[in-house]
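A quick write-up on the structure given underneath.
The values are calculated or read from the model by the stated rules, or taken from the named source; none is laboratory data. Only a predicted model underlies this, so the values are computations on that prediction, with no experimental measurement involved. Quick reminder, even Gly has a Cβ in these numbers, built from the backbone with ideal geometry, and neighbours come from all protein chains shown.
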Amino acid sequence: MEKRGKERLTLTGTLTQAGESQSTPFVAIREFSDRLRLTFQAGAQTRVLTFNGQQAQGIQGGPNSSDEDLIETMLYDTAEHFFISQMQGAATRSLGSRFRAIEDSRANYSGPFYDIFEVTAPVKSRSDAREETRQYCFNSDTNLLEVVKYGFLRNGLETRVEVRLTDWHQVDDQRFSGRIVRSENGTPVVTLILSSVTTSPGLDDGPFN
């Protein structure tokens, strides 16, 4: 964020959504701050979703609820967005450090510990731009973001979301999660597996409109 030259990420991999038995290839261009172009196969149709920082669009028609979930997870459930939120003055509080992943009072607990921050801000990529309060859980030992938790109402019912970021690896002096799983009420609804990541400078070439 302090040095120019790596504002744009090109991500390739596979995507699996709820109700689908097979994964499909995807290509995503993500650029600081909060801009995205995502291309993937949906049945016989190629879907292209874009977000320019203010509005989400679908090349073949407006994004549906599943599309909005996908955009939200690829942008808002990331360490990059956590820091963008701080730059934009979002309401943030630290809940504390070295929380255990589960309630376990044993002295020989061997699971991960988390530093947890709570951020409240609108989700501009959704059609209703609703406000959500997210908990970003950073591993206390590695400082990597591993879990994001939040909730919202869908059709009058509460939906609890948990996004897990695992398989972290280093590319071009940057760290990236190779596996991202979004679960709703305990059921996985989006799984992203990254096969390659490249970084490049930001360009004003219009892929997000």
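General observations
- Given (1) without any contact (Cβ under 8 Å) to a residue 24 or more places away in the chain; (2) surrounded by fewer than 16 Cβ atoms within 10 Å (Cβ to Cβ), number of the condition residue 47 does not satisfy: (2)
- Of all residues making up the stretch 90-144, the number that are of a type in the set (Gly, Ala, Ser), touching a residue at least 12 places away in the same chain (Cβ under 8 Å) and over 16 Å from residue 75 (Cβ atoms): 6
- As for the stretch 167-175, it holds at least one residue that is out of contact with any helix residue (DSSP H, G or I) (no Cβ under 8 Å at 6 or more places or on another chain), touching a residue at least 24 places away in the same chain (Cβ under 8 Å) and not in a strand (DSSP E or B).
- In the stretch 190-209, the residues that are outside any loop (DSSP other than H, G, I, E, B) and under 13 Å from residue 27 (Cα atoms): 192, 193, 194, 195, 196, 197, 198
- The stretch 22-42 residues that are within 12 Å of residue 208 (Cα to Cα) and small (Gly, Ala, Ser), paired with ones that are modelled with pLDDT of 95 or more and surrounded by fewer than 20 Cβ atoms within 10 Å (Cβ to Cβ) (beta carbon under 7 Å, 6 or more apart): 28/11
- Looking across the stretch 67-110, just one residue is within 20 Å of residue 122 (Cβ to Cβ), over 14 Å from the mean Cα position of the chain (by Cα) and among the hydroxyl-bearing types (Ser, Thr, Tyr), and that is 92.
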